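Engineer: Before I ask anything, let me first share the structure, which is written out below as structure tokens.
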């Protein structure tokens with residue numbers, strides 16, 4: 001049964017969110033922006049119309065999110081009064097408290113996402129480390145973990161390219177995690193949430209691939225970047241682009257292993273500060289049509305170039321970015337120790353003993369701890 005202090009905490013946090021989010025101003029903005037969509041010639045310029053609808057949609061999500069918080073807080077207060085009049089049970093009051101806390105924490109978490117790139121879709125790439133089959137199995141486990149997180153959160157997941165392991169697991173995979181533009185709750189800010197996953201992930205377990213049943217350590221690196229759309233201008237020097245094609249591998253489809261639908265884009269990136277050159281290699285086998293794969297590969301290249309430019313702008317925040325950008329073996333951001341039933345994030349010290357839930361996509365605790373630490377240092 002909740003206490004008066006817990007009720008007070010819920011009401012205070014709901015009031016604080018109204019101030020932080022400037023809900024009164026957002027209501028006025030929403031009415032003004034929504035009014036523009038009712039002009040008779042609104043859809044004569046489709047691109048401008050879509051941009052305007054996006055603005056209206058974003059404002060509506062904030063207002064709907066706060067409305068849910070306010071209603072949940074008021075219902076909790078009412079539930080406690082009904083309990084005193086013996087009209088509700090303790091279990092019903094506790095359920096109302098859980099609902100209010102979930103709504104508040106969800107909106108508080110979103111409020112931490114203030115960077116320009118946070119609302120964007122995300123590109124997530126996983127590479128297995130040294131260690132053969134064990135490391136490749138670990139990379140596939142991480143792939144499943146992020147897919148489960150995305151499915152639960154209402155995001156769309158597309159596997160852009162995947163390289164299968166020699167015996168089991170995967171060597172690498174590239175996935176697009178896209179926002180659900182039709183949803184009023186959840187399925188948004190894909191990059192903002194997933195940027196906390198950037199780094200090396202370490203697994204410690206008794207390996208099923210080791211005949212002696214030894215405890216083994218494996219690594220996999222996770223790279224997350226914002227997925228740019230048509231509204232983001234990124235310059236690609238055509239003179240530095242080259243293409244080659246290959247036959248897609250895998251089961252199913254008439255074109256598989258028969259037609260060269262897979263594309264490989266090579267781009268000679270030159271660092272604008274140092275002049276150093278580096279080849280960016282992107283493979284795409286998502287579609288059975290080569291042209292679609294070319295278009296998506298170019299979109300992924302622009303995302304990487306945007307990501308690099310973004311990180312350069314953030315170099316002033318070196319203390320914050322150091323932990324996020326360091327992708328070296330031995331500098332893991334998180335450890336998953338299966339036999340001790342423990343998952344610990346080394347940047348925030350957030351820890352849980354529910355390993356199964358984490359591997360099934362329950363990552364919100366880690367994400368919130370990271371965003372709180374990030375914002376605090378910022």
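Engineer: Please determine, by comparing only the residues of segment 217-235 that are touching a helix residue (DSSP H, G or I) at 6+ places or on another chain (Cβ under 6 Å) and in a strand (DSSP E or B), which one is farthest from residue 119 (Cα to Cα).
Structural biologist: 218
Engineer: If you don't mind, another one. From (1) without any contact (Cβ under 8 Å) to a residue 40 or more places away in the chain; (2) surrounded by fewer than 18 Cβ atoms within 10 Å (Cβ to Cβ); (3) touching a helix residue (DSSP H, G or I) at 6+ places or on another chain (Cβ under 9 Å), pick out the condition that doesn't hold for residue 79.
Structural biologist: So the condition that residue 79 fails would be (2).
Engineer: I'd like to verify a number: residues in segment 198-216 that are part of a loop (DSSP other than H, G, I, E, B) and buried (at least 17 other Cβ atoms within 10 Å of the Cβ), how many? Write out each step before concluding.
Structural biologist: Step one: of segment 198-216, the residues part of a loop (DSSP other than H, G, I, E, B) are 198, 207-214.
Imposing the further condition that a residue be buried (at least 17 other Cβ atoms within 10 Å of the Cβ) reduces the set to 198, 207.
Number satisfying all stated conditions: 2.
Engineer: Residues 86, 167, 134: which one is in the same structural domain as residue 227 (by TED's automatic domain parsing) and outside any helix (DSSP H, G or I)?
Structural biologist: Unique residue meeting the criteria: 167.
Engineer: Taking the stated definitions as given, is residue 125 within 30 Å of residue 27 (Cα to Cα), assigned by TED's automatic domain parsing to the domain that holds residue 312 and either in contact (Cβ under 8 Å) with a residue 24 or more places away in the chain or not in a helix (DSSP H, G or I) (or both)?
Structural biologist: no
Engineer: If you don't mind, another one. Could you grab me the full set of residues in segment 159-181 that are touching a residue at least 60 places away in the same chain (Cβ under 8 Å), crowded, with 19+ Cβ neighbours inside 10 Å and closer than 16 Å to residue 192 by Cα?
Structural biologist: Hit for segment 159-181 is 179, nothing else.
Engineer: Which numbered condition trips up residue 242, out of (1) in contact with a helix residue (DSSP H, G or I) (Cβ under 9 Å, 6 or more places away or on another chain); (2) closer than 18 Å to residue 299 by Cβ; (3) at pLDDT 90 or above?
Structural biologist: Going through (1) in contact with a helix residue (DSSP H, G or I) (Cβ under 9 Å, 6 or more places away or on another chain); (2) closer than 18 Å to residue 299 by Cβ; (3) at pLDDT 90 or above one by one, residue 242 breaks only (1).
The values are calculated or read from the model by the stated rules, or taken from the named source; none is laboratory data. Source: prediction; values computed, not measured. Heads up, the Cβs are rebuilt from the backbone with ideal geometry, glycines too, and the neighbour counts pull from every protein chain shown.
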